[in-house]
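Below you'll find the structure, written out as structure tokens, and then a few comments.
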Amino acid sequence: MNDTIDRLSAWLRTESPTHAPAGVNRMMDLVAGEAGEAGIAVERIEGRPGLGDVVILRAGPERDEPATLVMSHLDTVHPLGTCEHDLRVRLEGDRLYGPGAYDMKGGAWLALQAFKDVARAGSAKRPLVFLFTPDEEIGSPMTRPMIEDLGGKAAFVLVTEPARDGGRIVTSRKGVGRFDVQVEGRPAHSGSRHQDGRSAIREAARQILRIENMTDYPRGVTTTVGMVTGGTAANVVPQHCRFSVDLRVTSASDGEAYAAAILGLTPHDPDVKVTIAGGMNRPPYEKTEAVARVFEHARGLAAEIGFDLEEVPMTGGGSDGNFTAALGVPTLDGLGIDGDGAHTLSEYGLVSSIEPRRKLMRRLLETL
Ligand SMILES: [Zn+2]
């Protein structure tokens with residue numbers, strides 16, 4: 001267990017925020033080196049400028065049949081230097097703290113060990129592919145086509161995002177839409193020419209209420225205006241205002257309907273221009289019958305190992321699993337480490353969850 005803690009701690013100290021490609025690539029080096037030593041075939045694809053590389057591992061029988069695809073992202077949301085002061089890598093009881101301990105280096109690490117276990121034992125049921133990505137935390141702009149290509153050809157997809165609420169896994173996720181709204185009014189001196197002005201902020205305020213009022217909890221739909229900028233000075237009727245919209249939906253049809261409603265908003269004031277860009281980014285990951293069957297299978301394996309595997313109700317956060325599930329490929333997510341505090345300075349993984357979940361990943365690769 002000390003060896004596990006030391007090796008995973010070294011990963012946590014290798015800081016890898018999405019926009020620090022050198023750090024992300026050091027993580028890719030660690031993965032590629034470890035896999036290479038275990039005799040696993042390593043493919044490395046150079047990232048586009050500003051982003052880290054992609055590493056793809058292959059193992060199992062060399063037969064022309066659909067693979068099981070494992071997916072982990074190695075980027076984190078924590079800026080460089082976080083592990084020096086704000087979130088030191090340290091063990092407190094069962095909690096291993098550090099940037100990405102929970103989301104998701106803990107999960108990537110345990111899945112890599114399972115992948116090596118299966119490769120070494122020669123016990124894979126079908127070809128295995130492991131995709132390590134550098135850009136999940138910004139919506140996977142570079143790797144989405146790779147995810148959809150490898151995922152579309154796969155029989156099953158396993159995602160190592162963190163477990164929830166005491167080790168539960170994820171079998172459905174909301175879809176995510178992103179929009180950028182620009183409002184252009186007419187500037188005027190707020191004292192002498194007030195009546196000539198057309199306030200972009202006033203118009204934006206009305207649009208923001210319209211959009212926020214689309215939230216429908218019973219339906220599982222939420223809209224959030226998370227950022228607003230605008231105006232130039234306290235004594236000027238503002239010409240510009242800009243805000244962002246985050247949309248979450250539970251079904252593809254709601255995704256289309258709400259995206260159309262947001263994109264179709266028109267100004268209250270005919271003298272003000274409202275320009276809306278954006279759309280659905282991640283489609284919803286719905287729990288189909290095929291997903292339910294894979295979950296039941298995983299539950300049986302967990303019982304053999306000695307723990308009870310449960311699932312969470314549809315979660316609001318998107319992941320790369322949304323892309324493969326939307327293609328109709330049975331996808332299980334949340335197979336990573338248990339813990340808490342994703343994206344915060346109190347992020348930790350539970351060391352005691354590593355072994356059982358490594359075994360579960362191994363058995364999935366041997367039986368699916
Ligand atoms: Zn994550």
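Of Q113, M1, G336, which is farthest towards the positive pole of the chain's charge dipole, taken about the Cα centre with +1 and -1 on the beta-carbons of Lys, Arg and Asp, Glu respectively? Selected residue: G336.
Per-atom-type breakdown for region 1-146 gives carbon and sulfur 48% of the accessible area (1.4 Å probe, protein chains only).
Positive-end ranking of P145, G231, V24 along the dipole of the chain, with charges on Cβ about the Cα centre, is headed by G231.
Pop out the carbon and sulfur fraction of the accessible area of region 210-308 as a percent, whole number, probe 1.4 Å.
The nonpolar share, carbon plus sulfur, comes to 52 percent.
The base-10 log of I(q)/I(0) for the chain, evaluated at q = 0.06, 0.08, 0.13 Å⁻¹, reads -0.27, -0.45, -1.01 [Debye formula, identical scatterers on Cα atoms, solvent excluded]. Normalise the Cα radius of gyration of region 1-118 by 2.2 N^0.38 Å (N = residues in it) and let me know the number. Rg over 2.2 N^0.38 Å, computed on Cα atoms: 1.11. The magnitude of the dipole of the chain, with charges of +1 and -1 set on the Cβ of Lys/Arg and Asp/Glu and taken from the Cα centre, is near 440 debye. The lysines whose alpha-carbon is closer than 17 Å to the alpha-carbon of K174, local same-chain residues fewer than 8 away aside, are K287. Solvent exposure of the chain amounts to 43 Å² per residue of accessible area, where only protein heavy atoms count and the probe is 1.4 Å. Taken about its Cα centre, region 148-190 carries a charge dipole of roughly 180 debye when the Cβ of each Lys and Arg holds +1 and the Cβ of each Asp and Glu holds -1. In the chain, a dipole from Cβ-located charges (positive for Lys and Arg, negative for Asp and Glu) runs towards its positive end, and of Y285, S123, L158 it is Y285 whose Cα lies farthest in that direction.
Treating cross-link reach as a plain straight distance, find the lysines whose alpha-carbon is under 21 Å from the alpha-carbon of K105, omitting any fewer than eight places away in the same chain. Within the straight-line limit of under 21 Å, K105 reaches these lysines: K116, K359. Just need the Rg to Rh number for region 89-206, please, alpha carbons only, Kirkwood Rh. Rounded to two decimals, Rg over Rh is 1.25. Summed over qualifying helices (DSSP H, 4 residues or more, each -39500 (n - 2.57)) and divided by its residue number, the chain shows a 222 nm mean residue ellipticity of -10000 deg cm²/dmol.
The values are calculated or read from the model by the stated rules, or taken from the named source; none is laboratory data. All of these numbers come straight from a predicted model, not from anything done at the bench. For neighbour counting, all protein chains shown are included, and Cβ atoms are generated from backbone atoms with ideal geometry for every residue, glycine included. Surface areas here come from the heavy atoms of the whole protein model, side chains and all, with no ligands, DNA or RNA. Shrake-Rupley method; radii C 1.70, N 1.55, O 1.52, S 1.80 Å.
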